[in-house]
1. Quick one: which of 97-107, 59-69, 40-50 comes out on top by average Cβ neighbours within 10 Å, and what's the full order, highest first?
2. Which whole-number value in Å³ per residue fits the convex hull of the alpha carbons of the stretch 151-259?
3. Run the paramagnetic zone check for SER255: 7 angstrom along Cα to Cβ, then residues of the stretch 196-232 with backbone nitrogen under 19 Å.
4. Report the full-extension gain for the segment HIS135 to LYS193: residue separation times 0.36 nm, less the Cα-Cα distance, to one decimal in nm.
5. Given the Cα-Cα distance of ASN46 and ASN117 and 0.36 nm per residue of separation, how much length would full extension add, in nm?
6. Straight-line reach only, C-alpha to C-alpha below 15 angstrom: list the aspartates and glutamates that LYS193 could link to, leaving out same-chain residues fewer than 8 apart.
7. If we sort 73-86, 239-252 on the protection proxy, mean other Cβ atoms within 10 Å, highest first, what's the order?
8. Please work out whether the stretch 20-133 counts as rounded, prolate or oblate from its C-alpha gyration tensor, where a ≥ b ≥ c are the square roots of the eigenvalues and a/c under 1.5 means rounded, while otherwise a/b larger than b/c means prolate and anything else oblate?
Amino acid sequence: MCSKMIPMTTIDVNLVMFLLIIPFSVLPVFTVADHLFTFCSDDKRNYTLNSPYESNLKSLLETLPSITSLTGFNYTSVGESPDKVYGQALCRGDVNSNSCQACVEQAGQEIINDCRNYTDAIIWYELCQVHYSFHNMTSMSVYTGKYPGWDSQRKPVSDPQYFSGVLMYLMKNLSTEAAVNPSKLMFATGAIKFGSQTVYGHAQCTRDIIPYDCQTCLTTALAELKGCCSSQEGGIIVSRSCNMRFDLYKYYNASSYLLTYPSPKGSK
């Protein structure tokens, strides 16, 4: 599945984190080739072909795959002002080093083609994301974004009200775990029962932000998730600094702790 966004109007790239919510159809586990979305920021600071900025950008995108694969996250820069390029890459927390490197490499090749001449862009794959910019975007904590209304692509669940409560309970716990548990490297997975089915989910933040900002990002993303997908069989949110997903099958390669949804007061 491959979805791209037409470049948007001028935005403050120092503040923005672009958000996409995609409710998926039931699919097998994703591969490197599963491109989710590309966002080219129309900030009117486009670079010219064969310029020093383009040379630095190509060098950055060639460097990111290998250095990101070591830990699953990296932030670096190439060149000097005014042609300096900053770059960041994040792999999903359950992805091994080889898959991480392959995903970041493919994302780098795709983003430079999709966003040619743009000095700020971000691309999301199922297994990784890559962001480059003319400005230093590390530690950005302001949450803002938009998303297309693709909710109809997922089937509704049988008991939407109850399912929403179960889902929110799962994702709130995962958000807290990702933000406050240092051993998790800002990535948490878990599962919870919904009748005879199991809901699987994950929450993740980029490691350039502090735990408080991670929690804030995921809390805001969870509100968006509730609005788009809490009565459907699955959904994903991707943004610059955090992402989360849930589905009715185990789509990740990590252990899951099984949560128990609290029974309503007065029930037997």
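Read-outs: derived from the displayed coordinates by stated rules, not from any lab. Quantities reported herein were computed from a predicted structural model and do not represent experimental measurements. Using ideal geometry, Cβ is built from the backbone for each residue, glycine included, and neighbour counts are taken over all protein chains shown.
1. 97-107, 59-69, 40-50
2. 93 Å³
3. Of the residues in the stretch 196-232, 200-203 have backbone N under 19 Å from the label point off SER255.
4. Answer, rounded to one decimal: 16.5 nm.
5. 25.1 nm
6. ASP159, GLU233, ASP247
7. Going from most to least packed, we get 239-252, 73-86.
8. oblate
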